[in-house]
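J.: Got a structure here, written out as structure tokens. Questions coming.
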Amino acid sequence: MIGNPLIDLRDIHTPLEPSWWPPAPGWWLLVILTATLIACATVALYKRNKLLRPRREAERLIIELYQATLTKGASNGDYVRGTNEILKRLIVNVLGRRDLAPTSAASWLQALDEMSGTIEFTQGAGAVFGISRYSRNPPEVDLSELHKLVISLVSRIKIHKKIRTKIENH
């Protein structure tokens, strides 16, 4: 009698499961694409942050000046003079509006009106930035209204890459 021929066969072994490493080419492509997008976004955010730094610094200085006027007893005139100086530096140096450097009084107020999109500088609370700030008895100022107006103006100022590179080249 012939014995069972299947007795000499070895047991069935399942093949090894595929390893997670190395990943398929599609995963490599996805990783490279994601890393590139993250790097581009990081560079863009860094450049935007650097571009907007002067505007944020101007806002910070104006807020500090306002708080000093309210808490440390600085005069309203100090706030008006300091804020006007900060605005002038921001507009002339950062925006490159060199034509506004020598302006004062009505032409300065008109330029501020154009940038703010209001008439508050020529006919409203911002009129104190005109010739009246040089007078011996400057007009009474509603400091909170003036502060809101100035902060609104600074936040509306758009600093574009073209302007910034033009300034850096000079």
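No value in this document is a laboratory result; all are computed from the given coordinates. Quick caveat, the model's predicted, so the values are computed rather than measured. In this analysis, Cβ positions are derived from the backbone assuming ideal geometry, glycine residues included, and neighbour counts consider all displayed protein chains.
J.: Can you give the extra length, in nm with one decimal, that the chain gains between S152 and W21 once fully stretched, where that is 0.36 nm per residue apart less the Cα-Cα distance?
T.: Working: separation 131, 0.36 × 131 = 47.16 nm, distance 5.59 nm.
Between S152 and W21, full extension yields 41.6 nm more.
J.: Please report how far the C-alpha centroid of segment 16-73 lies from that of segment 77-115, rounded to the nearest whole angstrom.
T.: 32
J.: Moving on to the next point. In nm, to one decimal, how far is the K47 label point from the S104 one, both placed 7 Å along Cα→Cβ?
T.: Calculated label separation equals 4.0 nm.
J.: Ranked highest first by the average count of other Cβ atoms within 10 Å around their residues, in what order do 102-113, 77-88 fall? Could the numbers behind the result be given before it?
T.: On the way: 102-113: 16.6, 77-88: 18.7.
Descending mean neighbour count gives 77-88, 102-113.
J.: Find the relative contact order for segment 52-169 and round it to a whole percent, using C-alpha pairs within less than 8 Å whose residues are 6+ positions apart. Working shown, then result.
T.: Numbers: 113 pairs, mean separation 34.9, N = 118.
Computed over segment 52-169, the figure is 30 percent.
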